Amino acid sequence: MASAGASPLPNLRPKHRSSSLRFFSFEFPYSHTFPNLPSSKCPCHAQNWKPSRSARTIAVFTEASRYPPEAPWKEKGDSPSNADDISVLNERIRKELGKRRGLRSGSNAVQSADAEQYIKTVKLQQRVGLLKLKGNANEKGGFGYRVDPYSLQPGDYVVHRKVGIGRFVAIKFDVWKSSSESSEYVFIEYADGMAKLPVKQAYRMLYRYNLPNENRRPRALSKLNDTSAWEKRRIKGKVAVQKMVVDLMELYLHRLKQKRPPYCKTPAMIEFVSLFPYVPTQDQKQAFIDIEKDLTEREAPMDRLICGDVGFGKTEVALRAIFIVVSAGKQAMVLAPTIVLAKQHYDVISERFSSYHHIHIGLLSRFQTKSEKEEHLSLIKNGDLDIIVGTHALLGDRVVYNRLGLLVVDEEQRFGVKQKEKIASLKTSVDVLTLSATPIPRTLYLALTGFRDASLISTPPPERVPIKTHLSAYSNEKVLSAIKFEIDRGGQVFYVLPRIKGLEEVMEFLVQSFSDIRIAIAHGKQYSKQLEETMKMFALGDIKILICTNIVESGLNIQNANTIIIQDVQQFGLAQLYQLRGRVGRADKEAYAFLFYPDKELLSEQALERLAAIDEYQDLGQGFQLAERDMGIRGFGSIFGEQQSGDIGNVGVDLFFEMLFESLSKVDEHRVVSVPYKDSQLDVNITPRLSSEYISNIKNPMELLDEAERAAEIDIWSLMQFTEQLRQQYGKEPRPMEVFLKKLYVRRMAADLGISRIYASEKTVAMKTNMSKKVFNLMSEAMKSDIHRNSLTYTGGEIMAELLVELPKEQLLNWIFQCLAELYSSLAALVKY
Ligand SMILES: Nc1ncnc2c1ncn2[C@@H]1O[C@H](COP(=O)(O)OP(=O)(O)OP(=O)(O)O)[C@@H](O)[C@H]1O
């Protein structure tokens, strides 16, 4: 049987275009494609096509069909084939739905009843989370992200929910127009004037304008007298937030549909647990319970995020998950972002599993020779390795697993787009545990309760002491005395620079003073063997001082290294600095971080602010506060993916978060219940007559029309595929056919939007719908065309449109098509079950 998805079939062109092209007849007995039409190269192609059972002869040619054939029936006034309404809509559908369909097969992935139950559970769980947040409300002035106006400094950028981005000037006493009493006002500069806001109102409406990237500033200030541009940005942000939430929810629902038998609770676990040399913290205990439940009580594969500050003990959580899976005879893969970290994980795992001789552990690394690598690949394939550790190389096609059960991903945000896609595709078939050292704000975590499986480790292991951080201008003496102190107490030192250039110079300087100890250089451009050797010797304690770049940034755990010196600290980002500092203080010894800048005079205001923050947040676990203030967005990235920075840029992080909370807590209100296609009625009396020229060119025209109807009945994706392929084969259709197709699109879109009937009377178009007013508001707000938006109103169960004039039938159909297409573009932001 020919498989359309696997090998693209040759493309079709109509017979009348044969002159310059080689074409031949092709007997095509039974295919996944629909009759007469060719397969496209789309990976999702033909997913929904029910094959026609009859054998048929089709024309095939060898040239790619990038250029749709020119249609002989093209009429004056026809829109060019690549920019008409249908192709614009098709393109959008492909863009918006394509990715999701790659991840989820079938359009009815989740049954409405399942979804209902799930939404209920989520709401319940979330209420608990939100209650906890409200419990903290007094300390933080509510769980919103609004700013305390008194904390603003002149020049700070702020966002007013209704007006947009401005610059804070001052808080001063002033009088309100007619009143003689003076009170305090917040003065904000906008592009076209100064706004004066009562302090009380400022508390309700103002946000700080933060961006994920600390160096970015808003492109322009908003205008007081024309808020339309701001309004557009705000709505864009709101819809983006909604889409993210719905996407998260759909992924979750989809995953719940996947099934695998739960793992057995193994008695051997008791022994494994007893071999952990520490008393776990409360948060660790909870995380152990969470993963054990995921693996042994649930049928849906696990997709849990273990989120915790640097050095707070996430690794043990992963080790226990690995133990459960491996004890059941499955393989576990541990994926690390760098080879140095992969090696460290390998060492830790080998040590922790050292009493289990039957569990075989392997490290796939670029340090290995070709034959070593081949050997490892065959061990993995034959199932002779139970735990496989490595970098992204483990995701390559050459790595064939025997019975992969668990994937542990360390610091997923550090992998590339392709690798993340691969990880996402694995999530439907294996259990996945993701470790993230980037703290997520507690508020975000609690608000997400129920939407994303996450365990938060926010308490440090006992006896951990805060890292003593010293920030000062560079001096040789300070460097030497810090190193001397550490070496004298038997410890080791990280010496970090922002660039490779300069490492040698530091080396020369240090060997003069510490000639009797081993000092080495490490950076990412070194030969792998050399780097491996250096890291190994540093881990063993043979090397006492490691001069390096931020290659040591995340995850490295060397308990005896308790002093870190960071030179040219102003060149590092706050998050990076936080991670770097976390390399020390990973045991119960007091640890020190010395942060040196060259000369305070040379530092920008921003750099000073950043450094002040790292200085301020020295206590253990303050990473979370830091996250809340400056890098919440990174933690946010590990929950939602990183693509949203553009949307966030529109409104700033704080307002974006607030919108996110609103959207999360209202997810059940933003729900569209589709109606069956057959029940969606279009009462616009227009019957297109296909020309004989067009019909004569088509084999089985009646069947083609039936196919179109069937495609529309399946879903919009199928209808899009149908029209695209029709055009590939026959060129842009003549107007009557376009009308026919548009009617199908209108009914399909209407059905998806929960619209059961569309009818017109003089200048009025009415659409009977089950959608709520809230949903209608969201959809119409997001409409790009003012004309469409302004003409629509919602009155209990009906959307009414008032047109300026009564339109002829065909134009009316076009209007309805456009209007629905606009409403349709918000569908991704709505729950659709
Ligand atoms: N409950 C505990 N009590 C004392 N020490 C612990 C405890 N849990 C873990 N540790 C130790 O703390 C150190 C840091 O733990 P681990 O490497 O798991 O941190 P992590 O959260 O993975 O940090 P990173 O994000 O930096 O990788 C390890 O040496 C580990 O053995």
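The values are calculated or read from the model by the stated rules, or taken from the named source; none is laboratory data. Just so it is clear, the model here is predicted, and its values are computed rather than measured. All Cβ positions, glycine included, derive from the backbone under ideal geometry; neighbour counts span all protein chains shown. Ligands, DNA and RNA are excluded from the accessible area calculation, which covers all protein heavy atoms including side chains. Shrake-Rupley method; radii C 1.70, N 1.55, O 1.52, S 1.80 Å.
For the reader, a short list of remarks on this structure follows.
- Gain in span if fully extended, K381 to L705, counting 0.36 nm per residue against the direct Cα distance: 111.7 nm
- Carbon/sulfur fraction of accessible area - the stretch 468-619, other protein chains in place, 1.4 Å, %: 48
- Cross-link table K774/K832; K120/K314; K699/K742, entries beyond 19 Å C-alpha to C-alpha: K120/K314; K699/K742
- Theoretical gain in end-to-end length, K373 to D679 [0.36 nm per residue, Cα-Cα removed]: 104.2 nm
- Summary of the geometry: the stretch 381-401 and the stretch 671-728, compared by the centres of their Cα atoms, lie 47 Å apart.
- About the centre of its Cα atoms, the stretch 247-457 shows a dipole size close to 400 debye [charges on the beta carbon of Lys, Arg (+1) and Asp, Glu (-1) only; nearest 20 debye].
- Among the listed pairs K285/K343; K743/K768; K200/K773; K259/K330; K257/K422; K232/K420, a Cα-Cα separation exceeding 23 Å is found for K285/K343; K200/K773; K232/K420.
- Overall form of the stretch 247-457 per C-alpha gyration tensor (a/c, 1.5; a/b vs b/c): rounded
- Our note on the geometry: Cα centres of the stretch 761-833 and the stretch 519-594, 59 Å apart.
- Cα shape, the stretch 235-305, gyration tensor, a/c 1.5 rule: oblate
- Restricting attention to the stretch 468-619, lysine pairs at least eight places apart or on different chains and with alpha-carbon atoms under 25 angstrom apart total 24.
- Using a probe radius of 1.4 angstrom, the carbon and sulfur fraction of the accessible surface of the stretch 247-457 is 55%.
- Part-to-part distance (alpha-carbon centres) for the stretch 221-272 and the stretch 281-307, which is given in Å: 19
- Computed over neighbours whose Cβ is under 14 Å from that of D192, the net charge equals 0, Lys and Arg +1, Asp and Glu -1.
- DSSP-loop GluC sites (Glu not before Pro) across the stretch 758-833, with at most 13 other Cβ within 10 angstrom: E762, E806
- Computed from point charges on the beta carbon alone (+1 for Lys and Arg, -1 for Asp and Glu), the dipole magnitude for the stretch 149-226 about its Cα centre is near 260 Debye.
- Over all other residues within a Cβ to Cβ distance under 10 Å of S756, the charged ones net out to +1, with Lys and Arg as +1 and Asp and Glu as -1.
- Using a probe radius of 1.4 angstrom, the carbon and sulfur fraction of the accessible surface of the stretch 149-226 is 49%.
- Set of aspartates and glutamates with alpha-carbon distance to K427 below 17 Å, sequence-local pairs under 8 removed: D247, E250, D294, E299, D303, D397, D410, E411, E412, D453
- Whole-number accessible area per residue in Å² for the stretch 149-226, which is evaluated in the context of all protein chains at 1.4 Å: 58
- Accessible surface of S378, taken over heavy atoms with a 1.4 Å probe and every protein chain present, rounds to 50 Å².
- Probe 1.4 Å, accessible area per residue of the stretch 247-457, Å²: 39
- Near N562: Cβ cut-off under 13 Å, other residues only, Lys/Arg at +1 and Asp/Glu at -1. The net charge is +4.
- The alpha-carbon of K196 sits under 21 angstrom from the alpha-carbons of these lysines, leaving out residues fewer than 8 places away in its chain: K162, K172, K177, K223.
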